[in-house]
Amino acid sequence: TYFMSNEQYDFRADAGLSEKWKIRFDFLDKHGVPGLLKSGKEYTQALQALPSFRDKMNVMYSFFGIFALVGIIYLCVLGLWRKAALWFGIGVLINIIFMILPPLPQGVNIGISVGIGIMLAMRINVYYYQKRVKGIEDWSL
C-alpha cells in the first residue's frame, strides 16, 4: 500500500518497483527532496557528484512530465490525481490569463509552456517519492 510511513515501507525490497524508481527514491531518501524553486545544499552537492549527465537527468527529471498534458496523465497513472488536478488547474488559469491579456509574442507563449513542462518534469519524481515512501499525498506543489 502507498500510505505507509518510511519505517513500514521498504522501497528497496519492493519487487513491483522498477530499478529506475529505486535509484531515484534512494537518492531522495539520502539527500532530501529539492524545493519547488530552490534546492538544498546537500541535494545540490550530491546531484553534482553523480558521475554522468544521464544519472543527473534520471534523478532530476521524469521524461513524461516535459510534455505538460502527458505529464498530467502520467501523474494520474502514478496515482497522483491531486497533483494532476492541481497542474491542470494551473494550466487553465494561465490560459485564462493569456485570453485576458493583449496578445503576447508567440515566443513568450512557447517559453511559458516549456517552463511549465520542465517544472512538472522536475516535480514528478518528488511527488511519487513522497507518496510511496513518505505517505504524503496533498495538494501542494
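Here are some notes:
- Of everything listed in (1) assigned to a helix (DSSP H, G or I); (2) hydrophobic (A, V, I, L, M, F, W, C); (3) open to solvent by 40 Å² or more (accessible area, probe 1.4 Å); (4) touching a residue at least 24 places away in the same chain (Cβ under 8 Å), the single unmet condition for VAL133 is (3).
- Being within 13 Å of the chain's Cα centre (by Cα), outside any helix (DSSP H, G or I), modelled with pLDDT under 90 and surrounded by fewer than 19 Cβ atoms within 10 Å (Cβ to Cβ) is a property that LEU141 has.
- Selected residue [small (Gly, Ala, Ser) and farther than 17 Å from PHE25 by Cβ] from GLY79, GLY65, GLY71, GLY135: GLY71
- Of all residues making up region 115-138, the number that are more than 14 Å from TRP87 (Cα to Cα) and either of a type outside the set (Phe, Trp, Tyr) or touching a strand residue (DSSP E or B) at 6+ places or on another chain (Cβ under 8 Å) (or both): 10
The values are calculated or read from the model by the stated rules, or taken from the named source; none is laboratory data. If you're wondering where the values come from, they're calculated on a predicted model, not measured in any experiment. For neighbour counting, all protein chains shown are included, and Cβ atoms are generated from backbone atoms with ideal geometry for every residue, glycine included. Surface areas here come from the heavy atoms of the whole protein model, side chains and all, with no ligands, DNA or RNA. Shrake-Rupley method; radii C 1.70, N 1.55, O 1.52, S 1.80 Å.
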